[in-house]
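Chemist: Below is one structure. I have some questions about it.
The values are calculated or read from the model by the stated rules, or taken from the named source; none is laboratory data. Just so it is clear, the structure is predicted and the values come from calculations on it, not from any experiment. Methodologically, a virtual Cβ is constructed for each residue, glycine included, from the backbone with ideal geometry; neighbour enumeration extends over all protein chains shown.
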Amino acid sequence: MTTKRPRRYEPWTNERLDNILKDRSLKRAGEVTYWNKKVLIHCEECGNDFEALPQNLERGSGCPHCYLKKKTGAKRKPKWSLKEVREFAKENGYTLLDDEYINNKFPLRFIDDNTGAEVVMTFRTLQARVKSQKIKEKIDDNQ
Ligand SMILES: [Zn+2]
């Protein structure tokens, strides 16, 4: 009688993991050792490294950095850095309270320097406000 080893006991090897990742934008950056030991994975989409269990990758879990970005609706690197957003806001009378900038559609908290009131708006809204304010000033100058 031949006993076939059940599939779930198939050992985890570098080859087995590479095979799972071959059609995804993930590359194995560490060695597969034991089924419950995390392996270092490099994400080619965002350039970050993360550790994951081979079995979780097999089930379809992916890069946590990309997951977070997708969840917040950011598809690519934002045009503005947090520092630039903060400086732009300050120049136009707002103090940025948040420490993270994801994209111009993501709500941010500001303090209106004139009134001291907290304002929640996207960076896009702030840009639009500044733009309309500048147009208004121009009209006032011409009068
Ligand atoms: Zn990623």
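Chemist: For the range 29-43, which residues satisfy the criterion of being more than 16 Å from the ligand (Cβ to nearest atom) and among the aliphatic types (A, V, I, L, M)?
Modeler: Scanning the range 29-43 gives a single hit, 32.
Chemist: Return only the number of the condition from (1) modelled with pLDDT of 95 or more; (2) among the aliphatic types (A, V, I, L, M); (3) under 29 Å from residue 25 (Cβ atoms) that residue 111 does not satisfy.
Modeler: Looking at each condition in turn, residue 111 falls short on (3).
Chemist: If you don't mind, another one. Filter the range 51-69 for residues that are within 15 Å of the ligand (Cβ to nearest atom) and either outside any helix (DSSP H, G or I) or surrounded by 15 or more Cβ atoms within 10 Å (Cβ to Cβ) (or both) and give the result.
Modeler: 51, 52, 57, 60, 61, 62, 63, 65, 66, 69
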